[in-house]
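Only the coordinates and a few stated rules stand behind these numbers; no lab work does. All values reported here derive from a predicted model rather than from experimental measurement. Cβ sites come from the backbone with ideal geometry, for glycine too, and all protein chains shown count toward neighbours.
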Amino acid sequence: MAAAQRIVIENCSIATVDADDTEYASGHVVIAGNRIEALGAGKAPEGLENVVRRIDATGHLVTPGLVNTHHHFYQWITRGLATDHNLFNWLVALYPTWARIDEPMVRAAAQGSLAMMARGGVTTAMDHHYVFPENSGDLSGAIIGVAREMGVRFTLARGSMDRSEKDGGLPPDFAVETLDGALAATEATVKEHHDSSFDAMTQVAVAPCSPFSVSTELLREGAELARRLGVRLHTHGSETVEEEQFCKELFGMGPTDYFESTGWLGEDVWMAHCVHMNDSDIAAFARTKTGVAHCPSSNARLAAGIARVPDMLKAGVPVGLGVDGTASNESGELHTELRNALLINRLGAHREAALNARQALRLGTFGGAQVLGRASQTGSLEPGKLADLVLWKLDTLAHASIADPVTALVFGAAAPVTASFVNGRQIVENNRLLHVDEDAIARSTREQAQRLAKIAGH
Ligand SMILES: [Zn+2]
């Protein structure tokens, strides 16, 4: 077998986000094949063989690649609608449009969503896709194909909805699947696409949408399915006061108790939002190691509230960051979430002690890998882990005078990405994607957004 090719990165600041938050003011990283082989202070060791590329990263901070833990790619073509609504009103306004999506629309929207994140330093992405209109084509296959083309590590959370208006749910009747149909399609998607290996580029999770769009049977049987297949579970939880009220009225208990009663707390589960959590809810998440995808921009956009992230972290709950769908976060890139997680939590009870820059970076990297079940493989820079890393350029107008590189990255404007590597392969150079045509993607997303608007009649 040929020896692995090496890439040497030198003269950069490094924030490893390892267990001790090790940082180097000037250091090196050696990539061998798809793994990180070595890193440390000063220059790389002399005499390394098979070095195919040497990068002088003067003026840069190197961090683990960002990990996005909650998104709905299809919403890329319904941005800028229902801009002054709370969650339930926003959903009711958008469901009829969303129910008209087809494969070309979903493909273009996935390209737009992934391109936006990848060029901003995301190396592991996820898509919670839960709208599967009849005869709309192979939506899951289209989304996974886009992630492969772009070279991003990816989890598809195969979503579903089966509680429509006639069953007391929120989505219209024509927007949902049947219980059996959703379970069978989810199982088929896992069997076709899920890779459980250490360096997997594609994984699949079982992901019924939310308590107000899914039957109790689908939650319960979805959890059983995921455990039988050995994959993770994802859904929305405790997002708004209206959801809490809905659960109390329909099930006689709050969302966390409802999730517990349906098998939905556990170390193989992560949930988006978790805004309305009392102390015993947080304790239940901590006890069961249930993960949280914190989505501060979307929570602000929909006036949902402030998730108690400092209390969750203190209790030992795994927390990552999510952009959420871009119909509730038009920017669709993760740097904003690092910054907003820090700033918005300082508006809560813990004030200036809520989160610091290093904790925010940890949420967006290692914390994300934890909630996606991939913390032993990515999310921090350590020898033996996968080579998923970003070179942030911090010596230009926007950042050059900020005292500390991690502070510059988190508190400052979105930093230029000089290079981003996934699995040892470069996917971004100077803020441009290397394996897809960004301008062609911009054109096709606009075309598909216009086609959907026409079909949906707005
Ligand atoms: Zn969401």
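Considering only C-alpha atoms, what is the centroid distance from the range 354-421 to the range 90-163, in Å?
25
Any number yet on Rg/Rh for the range 103-205, C-alpha, Kirkwood?
Details: Rg = 14.5 Å, Rh = 14.5 Å.
That ratio equals 1.00.
In the chain, if the dipole is taken from +1 on Lys/Arg beta carbons and -1 on Asp/Glu beta carbons about the Cα centre, which of T63, P104, A157 is farthest to the positive end?
My answer, from the dipole projection, is T63.
Let me make sure I get this right: for the range 264-321, a, b and c are the square roots of the gyration tensor eigenvalues over alpha carbons, sorted descending. Under 1.5 in a/c it's rounded, otherwise prolate if a/b > b/c, else oblate. Which is it?
Details: a/c = 2.01, a/b = 1.62, b/c = 1.25.
Judged from the Cα gyration tensor, the range 264-321 comes out prolate (a/c at least 1.5, a/b above b/c).
Using packing as a proxy for protection, rank 332-344, 195-207 so that the peptide with the highest average count of other Cβ atoms within 10 Å comes first. Working shown, then result.
Numbers: 332-344: 22.9, 195-207: 18.6.
Going from most to least packed, we get 332-344, 195-207.
Could you please rank R446, R35, placing first whichever residue has the fewest other Cβ atoms within 10 Å of its Cβ? Let's see the in-between values first.
On the way: R446 13, R35 18.
So the ranking, lowest neighbour count to highest, is R446, R35.
List the lysines whose Cα sits under 21 Å from the Cα of K314, skipping any in the same chain fewer than 8 residues away.
Within the straight-line cut-off, K314 pairs with K289.
Label-point separation (nm) for T178 and A38, each offset 7 Å from Cα along Cα-to-Cβ?
Computed distance between label sites T178 and A38 equals 6.2 nm.
What percent do you get for the relative contact order of the chain when only Cα pairs under 8 Å and 6+ apart count?
Values: 1071 pairs, mean separation 93.1, N = 458.
Worked out over the chain, it gives 20 percent.
Place the peptides 59-69, 409-419, 368-378 in order of packing, highest mean first, counting for every residue the other Cβ atoms within 10 Å and averaging per peptide. Write down the numbers at each step before the final one.
Working: 59-69: 28.2, 409-419: 20.6, 368-378: 24.4.
Top to bottom by mean Cβ count within 10 Å: 59-69, 368-378, 409-419.
Can you work out the FRET efficiency for the pair A25 and F251, with r the C-beta to C-beta distance and R0 = 60 Å, to the nearest 0.05? Numbers along the way, then the final one.
Values: r = 54 Å, r/R0 = 0.90.
Computed FRET efficiency for A25 and F251 comes out at 0.65.
Based on the Cβ-Cβ distance of N278 and T216, what FRET efficiency does E = 1/(1 + (r/R0)^6) give at R0 = 22 Å, to the nearest 0.05? Don't skip to the end; give the middle numbers.
Working: r = 22 Å, r/R0 = 1.01.
The computed FRET efficiency comes out at 0.50.
Which of the peptides 263-269, 183-189 is most tightly packed, and how do the rest follow, judged by the mean count of other Cβ atoms within 10 Å per residue?
Working: 263-269: 20.3, 183-189: 18.6.
Per-residue mean Cβ counts within 10 Å order the peptides as 263-269, 183-189.
Give the distance, in whole Å, between the Cα centre of the range 233-290 and the Cα centre of the range 7-84.
Cα centroid of the range 233-290 versus Cα centroid of the range 7-84: 34 Å apart.
Apply the a/c threshold of 1.5 to the C-alpha gyration tensor of the range 1-75 and tell me whether it is rounded, prolate or oblate. Kindly include the intermediate steps, with their values, before the conclusion.
On the way: a/c = 2.17, a/b = 1.38, b/c = 1.57.
Judged from the Cα gyration tensor, the range 1-75 comes out oblate (a/c at least 1.5, b/c at or above a/b).
Projected onto the charge dipole of the range 66-371 (+1 at Lys/Arg Cβ, -1 at Asp/Glu Cβ, origin at the Cα centre), which of A354, I143, T186 gives the Cα projection farthest towards the positive end?
A354
Roughly how big is the chain's charge dipole about its Cα centre, with Cβ charges of +1 (Lys, Arg) and -1 (Asp, Glu), in debye to the nearest 20?
Values: 39 positive and 55 negative charges, 168 e Å.
Roughly 800 debye for the chain.
Taking 0.36 nm per residue of sequence separation and subtracting the Cα-Cα distance, how much length would be gained by fully extending the chain between D199 and A453, in nm to one decimal? Don't skip to the answer; put the middle values down first.
On the way: separation 254, 0.36 × 254 = 91.44 nm, distance 3.95 nm.
Value of the extension gain: 87.5 nm.
With a sphere of radius 13 Å drawn around the Cβ of A82, what net charge do the other residues whose Cβ falls strictly inside it have (Lys, Arg +1; Asp, Glu -1)? Walk me through the numbers before you get to the answer.
Numbers: positive: R79, R301; negative: D84, E330.
That works out to 0.
So what is the calculated 222 nm ellipticity per residue for the chain, using -39500 (n - 2.57) for each DSSP H run with n of 4 or more, over all residues, to the nearest 500 deg cm²/dmol? Display every interim value, and only then the final one.
Values: 15 runs with 159 residues, N = 458.
Helix contribution divided over all residues of the chain: -10500 deg cm²/dmol.
Give me the extension gain from E134 to A315: residue separation times 0.36 nm, minus the current Cα-Cα distance, reported in nm with one decimal.
Full extension of this stretch gives 60.8 nm more.
Cα extents of the chain along the three principal axes, largest first, in whole Å?
69, 45, 43
Students often get this wrong: which residues of the range 268-308 have the backbone nitrogen under 20 Å from the point 7 angstrom along Cα-to-C-beta of R351?
From the range 268-308, the list is 306-308.
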